[in-house]
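Trainee: The structure that follows is given in the form of structure tokens.
Read-outs throughout are calculated quantities, based only on the coordinates presented, and are distinct from any laboratory measurement. The structure displayed is predicted, hence computed values, not measured ones. Don't worry about glycine lacking a Cβ; one is built from the backbone with ideal geometry, like all the others, and counts go over all protein chains shown.
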Amino acid sequence: MKERFLPIGSVVLLKGAKKELMITSYCIFPTGTQIQKDGTEKEADKKMYEYGGCTYPEGIVEANVIHAFNHADIDKILFVGYETDQYKEFTGILNGGYEIYKQKYEGKTTEE
């Protein structure tokens, strides 16, 4: 099983990005309008992302703005957040069922 899900509080730099993000949540389902990398807006696709985050060090400056991304988008891990037994148990559950839930949410089957 592929391991993913860095601890909450981890700080990362995404591929092609200049600004760091701090992981604040897991399993993000964007809704409404999304702002693309080029600054244009579009309606959210029915897609699930592994992480949600905010800019670092500013934090959450707008309540309705969250950066959704996947582990594969990470270029560098700059800081690894606090790890406890609870974190390990929780991420074990996430790792065990994430792909299945993602496929169901996005309307995909394993045959695709």
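Trainee: I need the calculated FRET efficiency for the pair GLU106 and THR40, taking r as the beta carbon distance and R₀ as 25 Å, to the nearest 0.05.
Mentor: Approximately 0.65, to the nearest 0.05.
Trainee: If you average the sequence gap of Cα pairs under 8 Å that are 6 or more apart and divide by the length of the stretch 47-108, what percent do you get for the contact order?
Mentor: Over the stretch 47-108, the number comes to 39 percent.
Trainee: What full-extension length gain, to one decimal in nm, is calculated for LYS15 and GLN86 as 0.36 nm per residue of separation minus the Cα-Cα distance?
Mentor: 22.6 nm
Trainee: Could you state the orientation-averaged shadow area of the convex hull built on the Cα atoms of the chain, in nm² to one decimal?
Mentor: Its Cα hull, projected and averaged over all orientations, spans 7.9 nm².
Trainee: Would you calculate a helix-derived [θ] at 222 nm for the chain, using -39,500 (n - 2.57) for each DSSP H run of n ≥ 4 and dividing by the full residue count, to the nearest 500?
Mentor: Calculated at 222 nm, the ellipticity per residue is -6500 deg cm²/dmol.
Trainee: Test of understanding: given the chain, find the longest segment containing no trypsin sites (Lys or Arg not before Pro) that are in a DSSP loop and have at most 14 other Cβ atoms within 10 Å.
Mentor: Answer from the scan: 48-107.
Trainee: Using only the alpha-carbon atoms, what does the stretch 39-90 span along each of its principal axes? Please give whole angstrom values in decreasing order.
Mentor: Dimensions of the stretch 39-90 along the principal axes of its Cα atoms: 40, 27, 23 Å.
Trainee: Taking loop as defined by DSSP and a crowding limit of 10 other beta carbons within 10 Å, which GluC sites (Glu not before Pro) in the stretch 1-82 fit?
Mentor: Counting only loop positions with at most 10 other Cβ atoms within 10 Å, the GluC sites (Glu not before Pro) in the stretch 1-82 are GLU3, GLU58, GLU62.
Trainee: Still on this structure: In the Gaussian network model of the chain, springs joining C-alpha atoms below 10 Å, which of LEU78, LEU13, LEU21 carries the largest mean-square fluctuation?
Mentor: So, out of LEU78, LEU13, LEU21, the one fluctuating most is LEU78.
Trainee: Here's another thing I want to ask about it. What is the fewest-to-most order of VAL80, VAL65 by other Cβ atoms lying within 10 Å of their Cβ?
Mentor: Result, fewest neighbours first: VAL65, VAL80.
Trainee: Given an 8 Å cut-off on Cα distances and at least 6 residues of separation, report the relative contact order of the chain as a percent.
Mentor: 33
Trainee: Taking a label point 7 Å from the Cα of THR33 along the Cα→Cβ vector, which residues of the stretch 65-91 have an amide N closer than 15 Å to it?
Mentor: 65-66
Trainee: At a 10 Å Cβ-Cβ cut-off, how would you order LEU6, LEU94, fewest neighbours first?
Mentor: LEU94, LEU6
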